[in-house]
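Inspection log for the structure reproduced underneath, given as structure tokens.
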Amino acid sequence: MTGNNDQEQQKGAPVIKSVKSEINNKTELIDVILAFEVASSQLRYKVFPYTENKFTYTDIPMEGRFWRDHTKAYPVNMDDIKDITIEEAIWDIIVAKQEKYTIKAIAIAFRGAVHNGVIIHTHRTNAQLQNNFHLQNNLKLRFMSKNHVAPEIFIENRSNMGAYGELYYNPEIESQNHSNFIYITIEGMLGAGVVIDKKLYLGKSGFAGEVGHIVLDSGSSLKCDVCNQDGCAAALTSGKAMVRQAIEQSQSNDTWVINAINGRALETYRTIDSGYWLDLNPLWQTNNAISVKDVLEASHNSETPRRIVEAAIGNFKKLLANIMYIYNPECILIGGSITDNAIFNQQVAVNQFPNVPAQIIPFFISPAALGDESALIGVGKWAFDHLMAKIMQNKNQL
Ligand SMILES: [Zn+2]
């Protein structure tokens, strides 16, 4: 991100100014697919060049937008941001990019279940729970209000799009010709995308793979604020769960808390998605927050975070065992912003499931090949493939 971007984020200014600053004076507009991902603490986007017959995703830098409350030293969680604010930010970026490119398609990977372009199940603490959000139509209306023809707009669940990206661009999946796998996003919450016979499986209403709300421990006192169940995977093993438990079991003057806050490289935190930020003010009256990445970092050398992270990983493995029993996948890929952590990668391996029958253990469990960009690249490819299918259909009709 540019210096401009950062200054404006601190002031809480709309994103349009920061993006406009990049616009040059090109007169010839090139065709692109503009792809977004609504992630845990960031709205990310990429501009993919569009040419027929080939989707290009390498060497395309990711751009990102955090919401900043200028009174605070950390980004706001996407869960706490209203739908309309997300829609406006996406629209601002579209408007800015239109000056530089011809947008052939808009592709959005959203953190919620999506059915036929409508977001049917999502969560925000400050808005109505599980409300339908007609983002696709709303964006079309915005184009119409400017007398513009809307490009094609595709919206899908981000974990599904992560699976789609890995289906095409994970070298191991490709070289070993795997047809059935599960891709899991672990960040603030948990979700999964299901690939069966090399096709994305969406289910009756786009809800397939919402494994975050499988109950792992019904006797748990930890309630999920999305599904309202005690002891679902999201309540026990998501990024949000880890931060909450670590803070509940710590004091404000614990060394790990002080070190996390003081040692945090904020510049770094502004350019990556940190999974989830827990505001410390309600508990400790301090204008600061702890992120999932802070807890994972601290777990290397502090007792409380280590205990929390180990318990979370234990529960994550229970979830994976359930997935093995349900789907018997050839492999499991783990994506999202917090899976670059070594603890996760060492402990969540195929040889760490002694109680699961060897026959149903997948060939491998590994971090996503595209890192935290699987969903963004996946949704770009998804839009590209749908555009291509449409062109083919038109040619066949001629
Ligand atoms: Zn839940």
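Bear in mind these aren't lab numbers, they're just calculated from the coordinates by the rules spelled out. The shown structure was predicted, so the numbers you read here are calculated from the model rather than taken from an experiment. Cβ placement follows ideal geometry from the backbone for every residue including glycine, while neighbour counts extend to all protein chains displayed.
Quick rundown of the values:
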item	result
In nm, spacing of pseudo-spin labels at Phe207 and Asp225 (7 Å Cα→C-beta vector)	2.3
Helix-only CD estimate at 222 nm, as mean residue ellipticity for the chain, using -39500 (n - 2.57) per DSSP H run (n ≥ 4)	-11500 deg cm²/dmol
Helical segments meeting 30 Å axial Cα length and Kyte-Doolittle 0.0 threshold in the chain (DSSP H)	303-327
10 Å-binned pair-distance histogram of the range 177-369 (Cα, whole percent)	9, 35, 35, 16, 5, 0
Set of lysines near Lys198 by C-alpha distance (under 21 Å), chain-local residues within fewer than 8 positions excluded	Lys54, Lys381, Lys390
Using a Förster distance of 41 Å, the FRET efficiency for Val95-Gln393 (Cβ separation, nearest 0.05)	0.85
Rg/Rg_globular for the chain, with Rg_globular taken as 2.2 N^0.38 Å and Rg from C-alpha atoms	0.98
Between the range 372-398 and the range 74-90, the alpha-carbon center distance in angstrom	27
Within the range 297-327, trypsin sites (Lys or Arg not before Pro) in DSSP loop having at most 16 other beta-carbon neighbours inside 10 Å	none
Fewest-first ranking of Tyr45, Tyr183, Tyr276, using other Cβ atoms within 10 Å as the exposure measure	Tyr45, Tyr276, Tyr183
Least to most buried among Met62, Met392, Met161 (fewest other Cβ within 10 Å first)	Met392, Met62, Met161
